[in-house]
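Structure first, commentary second.
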Amino acid sequence: MKKPVLVIKFGSASITTKGGEIDERIVLEIARQTAQLQSTYNIVLVSSGAVAAGKRFLVNYAGTLSERKAAAAIGNPLLVRKYSTYFKPFGIALAQSLCERQHFANRAQFLQLKDTYMELWKNNVIPIANENDVVSNTELKFSDNDELATMIGVGFDAEQILFSTSVPGVLDTKGNVVPEIKVIDKEALSLARKDKSSLGLGGMTSKLNFARLANQMGVRAVIFSMQTPEAIIKAVNGATGTVCHALAKKVSSRNKWLASGSIIKAQVKIDEGAVQAIKNRKSLLAVGVIHINQSFDTGEVFQIADRNGAVIAVAKAKIDVLDMNSIQKKKNVAIAHADNIVLM
């Protein structure tokens, strides 16, 4: 890919009115500003709004799972049609990409998705991604479109991910925008308001958590509002919202996928010696394990946490792990090879 990848995520509250109608003024601005960036970036739009746009067609909508799926089925074509209407004057064609969680968890399917996006970009077509709510397995859903945007951004080696939200950025205790966050730690996460919009699933906590993952994998993230004039252009240039800086470390494309796209099957707590070994890029040996919360099989992915439960890495299992008894019998056996461990 000659051009860097730019992922822009729009939440329901960003692109719909309070009544659930698609805000055409905002969609026009998305089209106009995206058109200015297309010569510089390979762009993916991750757009919520299908459920918000479709629910008004359902009598006595109460937000049940089946109703949300039905609303998404109605709203998705409305959403894409509206985008297409406003992108057409700029000579930009769009493609709908309805994704499911397993498309990212399965490496082969993920690479097929990546190849498809590259073909679209080669032909100057911008994909609009959303979860395939109609058929998504309830146990394997994205937590929200912040997660989907992060999986695409990290998995596709994006330069940056822009998260559009209903507020102008991360706000401090006085209500002022925090212009930059160098490391998303507990102090930064404490700034997140616990509420969320009435239209969407996510909130600021969600955005900061996924921005943190993106930063750890070398991808910059910006949290901003479309209510700012020239918002997208300014966000790309770090001139609006809150810029969350990428950490200066190299992670292979495969390990970025492992850290962001895999379905986590279990958590393994390890002792202090094993923590240091992992940080020194050594394999995880059974002798360092102090607790596992669930069994997992060879090839499945698990979190590695310290004694206090703080996650320090994810890893691909080298052997089957049934319980602590099975671990204790294999003290000098590697549970995960160093090449399949990604520090977080």
Unmet requirement for I233, which otherwise passes all of (1) within 15 Å of S14 (Cβ to Cβ); (2) at pLDDT 90 or above; (3) assigned to a helix (DSSP H, G or I): (1)
Can you tell which of K249, K316 is out of contact with any Phe, Trp or Tyr (no Cβ under 9 Å at 6 or more places or on another chain) and touching a residue at least 12 places away in the same chain (Cβ under 8 Å)? K249
Which residue is farthest from N340 (Cα to Cα), if the candidates are limited to the range 108-134 and must be of a type in the set (D, E, K, R) and either surrounded by 14 or more Cβ atoms within 10 Å (Cβ to Cβ) or not assigned by TED's automatic domain parsing to the domain that holds T150 (or both)? D133
N60 meets each of (1) free of Cβ contacts under 8 Å to residues at least 60 places away in the same chain; (2) more than 28 Å from W257 (Cβ to Cβ); (3) in a helix (DSSP H, G or I) with one exception, condition (3)
Pick from the range 3-43, criterion part of a helix (DSSP H, G or I) and of a type in the set (S, T, Y), ranking: surrounded by the fewest Cβ atoms within 10 Å (Cβ to Cβ): T34
Say we look at the range 251-275 and pick out the residues that are in a loop (DSSP other than H, G, I, E, B) and over 18 Å from R212 (Cβ atoms); which of these is modelled with the lowest pLDDT? I263
Within the range 85-105, how many residues are surrounded by 16 or more Cβ atoms within 10 Å (Cβ to Cβ), at pLDDT 95 or above and not in a strand (DSSP E or B)? 3
The listed residue being more than 22 Å from L148 (Cα to Cα) and either touching a helix residue (DSSP H, G or I) at 6+ places or on another chain (Cβ under 9 Å) or of a type in the set (V, I, T) (or both), out of L285, L258, L343: L285
Would you mind finding the one in D339, D323 that is farther than 20 Å from S252 by Cβ and charged (D, E, K, R)? D323
Report, by residue number, each residue of the range 216-254 that is crowded, with 23+ Cβ neighbours inside 10 Å and under 28 Å from N340 (Cβ atoms). M217, V219, A221, C244
Tell me which of these I290 doesn't satisfy, since it passes every other one: (1) without any contact (Cβ under 8 Å) to a residue 24 or more places away in the chain; (2) assigned by TED's automatic domain parsing to the domain that holds T165. (2)
In the range 44-57, which residues are farther than 25 Å from P4 by Cβ and outside any helix (DSSP H, G or I)? G49
The condition from (1) at pLDDT 95 or above; (2) under 26 Å from K234 (Cα atoms) that V167 misses is numbered (1)
Within the range 255-288, take every residue that is among the aliphatic types (A, V, I, L, M) and within 26 Å of the chain's Cα centre (by Cα) and give me the one that is surrounded by the most Cβ atoms within 10 Å (Cβ to Cβ). V268
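The values are calculated or read from the model by the stated rules, or taken from the named source; none is laboratory data. None of these values were measured; they are calculated from a predicted model. Ideal geometry is used to build each Cβ from the backbone, glycine not excepted, and the neighbour counts take in all protein chains shown.
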